[in-house]
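These notes concern the structure reproduced below.
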Amino acid sequence: MARYARVATLAACLIFTCAVANGHRWRRQADDAPKKEDNLELELCKNKDAGEWFRLIAGDGDNCRDVIQCTASGIQAIRCPAGLFFDIEKQTCDWKDAVKNCKVKNKERKVKPLLYTEEPLCQDGFLACGDSNCIERGLFCNGEKDCADGSDENSCDIDNDPNRAPPCDPSQCVLPDCFCSEDGTVIPGDLPAKDVPQMITITFDDAINNNNIELYKEIFNGKRKNPNGCDIKATFFVSHKYTNYSAVQETHRKGHEIAVHSITHNDDERFWSNATVDDWGKEMAGMRVIIEKFANITDNSVVGVRAPYLRVGGNNQFTMMEEQAFLYDSTITAPLSNPPLWPYTMYFRMPHRCHGNLQSCPTRSHAVWEMVMNELDRREDPNNDEYLPGCAMVDSCSNILSGDQFYNFLNHNFDRHYDQNRAPLGLYFHAAWLKNNPEYLEAFLYWIDEILQSHNDVYFVTMTQVIQWIQNPRTITEAKNFEPWREKCSVEGIPACWVPISCKLTSKEVPGETINLQTCVRCPANYPWLNDPIGDGRF
């Protein structure tokens with residue numbers, strides 16, 4: 001969506017009748033305009049951060065569409081397009097129903113800690129809060145407010161967190177347990193690009209059920225083979241509600257990877273940004289318990305996490321992942337870049353900026369892999385078209401309007417990876433986008449078949465299989481016999497569960513609903529949920 005409908009300087013605005021902060025209206029007079037304008041600008045810009053948008057008048061309607069900003073060349077005003085309001089906290093236009101702060105003029109002003117002072121305020125190992133009181137350094141940016149004024153949690157980005165992860169140090173970060181590079185583009189094992197198999201990761205988010213099972217069967221039909229003779233594989237980030245766990249069991253039996261996408265899929269994006277370590281544990285570790293029990297997955301292979309709406313949970317999310325022994329996250333988006341980025345471990349500083357609106361990226365060192373989501377280039381003619389922001393999920397690339405466009409899009413992004421550093425190409429979907437657009441599905445299947453037919457060095461693999469290769473890099477020739485890629489190579493035989501048991505269940509945690517749980521194990525007493533993931537009624 002377009003972010004702004006119009007931009008105007010304050011001077012231009014004042015030619016007409018403008019509303020000022022006290023609610024009065026006045027007209028610019030030729031003889032005293034400079035003085036009034038200067039005074040007004042000083043008053044309006046007092047205590048405002050650079051680039052901060054704010055309202056002159058709070059309220060619904062057009063008042064919630066209009067904001068201004070102080071710049072070096074004067075004050076600028078914008079109005080969000082019709083149907084959108086301006087979200088003061090997110091600092092962007094958003095759908096009306098999503099904006100809850102129309103009656104707020106300015107972003108909340110947060111007290112900052114005194115991290116850098118001419119004279120030390122605290123003893124070694126301690127730092128000063130905004131009120132000059134000293135607390136232990138390790139308490140800063142730990143997700144809990146330990147300063148009386150809360151300032152220890154108000155300056156916690158990758159540049160200011162006193163406990164932030166250090167820059168990449170290749171002498172300390174050594175495979176197989178650690179991988180990093182300063183800009184994120186270096187190939188693991190320092191292999192030449194021409195010797196690296198091009199990995200492609202197809203992922204699907206949300207429930208697996210009757211709405212998409214046939215689609216998955218059509219894509220992964222046992223006839224599409226990687227150069228090693230094994231079936232192409234994908235990763236499924238599964239959310240709980242409406243998931244058919246017998247279908248999850250069969251998907252896993254076929255050699256695809258099952259990962260977690262939360263129990264509730266809470267639709268408040270701010271929840272994921274601000275969730276505690278315990279919240280994350282209930283959502284993600286709880287989802288793993290549900291998958292393992294009701295899909296009867298017993299090989300400890302559920303090791304991946306993706307947050308709903310791609311809302312990163314900062315250090316809390318990654319602390320939970322360490323505590324719960326998850327191997328990797330695939331939520332963080334890297335802005336469109338050439339060459340693209342390789343996955344990395346979180347022991348050291350991320351090799352790219354924290355990308356996205358009000359994202360809460362981790363700042364500390366964590367023993368977790370990041371299967372970074374490289375943005376895709378959606379320009380129709382990358383050589384001539386002007387720059388457009390990239391898109392992480394394929395179905396968010398809003399300018400794809402035909403099968404031909406999608407086919408060209410796939411080829412261009414494949415070439416970006418294949419012709420440069422062969423970083424894994426991620427194609428991330430919600431199933432409905434392909435199911436509801438047969439033209440896109442036809443183009444996608446044609447493209448997969450064409451790639452497999454024309455390349456003997458391209459592999460469609462799972463997220464975990466990518467990490468296994470990074471930990472033990474193998475050339476194109478060696479990849480054909482790379483053991484981790486031959487596991488469940490081509491699975492035959494009948495499903496372990498022909499007819500799932502259909503359990504109609506309720507839960508105190510989901511009041512007023514009877515939900516159908518399909519599984520191949522015995523029905524639980526209650527519908528599994530956050531505080532009762534095995535459904536036995538014990539909270």
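Tabulated values for the structure
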quantity	calculated
Value of Rg/Rh across region 332-374 [Cα atoms, Kirkwood radius]	0.93
Pairwise Cα inverse-distance average, inverted: Kirkwood Rh of region 393-449 (Å)	11.8 Å
With all protein chains modelled, accessible area of ASP159 [1.4 Å, Å²]	90 Å²
Above-threshold pairs, the threshold being 22 Å between Cα atoms, out of LYS241/LYS508; LYS254/LYS480; LYS112/LYS145; LYS48/LYS90; LYS46/LYS107; LYS46/LYS145	LYS46/LYS145
Per DSSP, loop trypsin sites (Lys or Arg not before Pro) in region 62-159 with at most 11 further Cβ within 10 Å	ARG109
Ratio Rg/Rh [Cα only; Rh per Kirkwood] for region 245-393	1.01
FRET efficiency estimate (nearest 0.05) - Cβ-Cβ, ASP183 to LEU115, R0 25 angstrom	0.40
For a label point 7 Å along the Cα-to-beta-carbon line of GLU478, residues of region 169-213 with backbone N under 13 Å	176, 188-192, 195-197
Simple Cβ-charge dipole of the chain, Lys/Arg +1 and Asp/Glu -1, about Cα centre, in debye nearest 20	1140 debye
Normalised contact order of region 48-179, rounded percent, pairs of Cα under 8 Å and 6 or more residues apart	15 percent
Where GluC sites (Glu not before Pro) fall in DSSP loop in region 440-499, at most 11 other Cβ within 10 Å	GLU492
Per DSSP, loop chymotrypsin sites (Phe, Trp or Tyr not before Pro) in region 88-131 with at most 16 further Cβ within 10 Å	TYR116
Förster radius 41 Å - calculated FRET efficiency between ASP415 and LYS217 (Cβ-Cβ, nearest 0.05)	0.85
Span per principal axis, largest first, for the Cα atoms of region 188-331 (Å)	44, 43, 27
Debye, to nearest 20: dipole size of region 162-221, +1 on Lys, Arg Cβ, -1 on Asp, Glu Cβ	40 debye
Length-normalised contact order of region 200-269 in % [C-alpha pairs under 8 Å, at least 6 apart]	37 percent
Computed [θ] at 222 nm, helices only, for the chain once each DSSP H run of length n ≥ 4 contributes -39500 (n - 2.57)	-6000 deg cm²/dmol
Region 127-236: equivalent-ellipsoid semi-axes (sqrt of 5 x gyration tensor eigenvalues, Cα, Å)	45, 25, 9
Computed label-point distance, nm, for sites GLU322 and GLU386 using a 7 Å Cα→Cβ extension	4.5 nm
Per residue convex hull volume, Cα atoms of the chain, in Å³	188 Å³
Gyration tensor (Cα) of region 402-498, equivalent ellipsoid semi-axes in angstrom	25, 21, 12
Point-to-point label distance, LEU42-VAL521, nm (Cα→Cβ direction, 7 Å offset)	7.1 nm
Label-to-label distance, nm, for residues given as HIS455 and LEU175 (7 Å Cα→Cβ offset)	1.9 nm
Förster radius 22 Å - calculated FRET efficiency between ILE534 and VAL499, Cβ distance, rounded to 0.05	0.45
Aspartates and glutamates with Cα under 20 Å of LYS100, excluding same-chain neighbours fewer than 8 positions away	GLU52, ASP60, ASP62, ASP66, ASP87, GLU89, GLU108, ASP267, ASP268, GLU269
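The values are calculated or read from the model by the stated rules, or taken from the named source; none is laboratory data. Model, not experiment: these values are computed from the prediction. No Cβ is skipped: glycine too gets one built from the backbone with ideal geometry, and neighbour counts run over all protein chains shown. The area values use the complete protein model at the heavy-atom level, side chains included, leaving out ligands, DNA and RNA. Shrake-Rupley method; radii C 1.70, N 1.55, O 1.52, S 1.80 Å.
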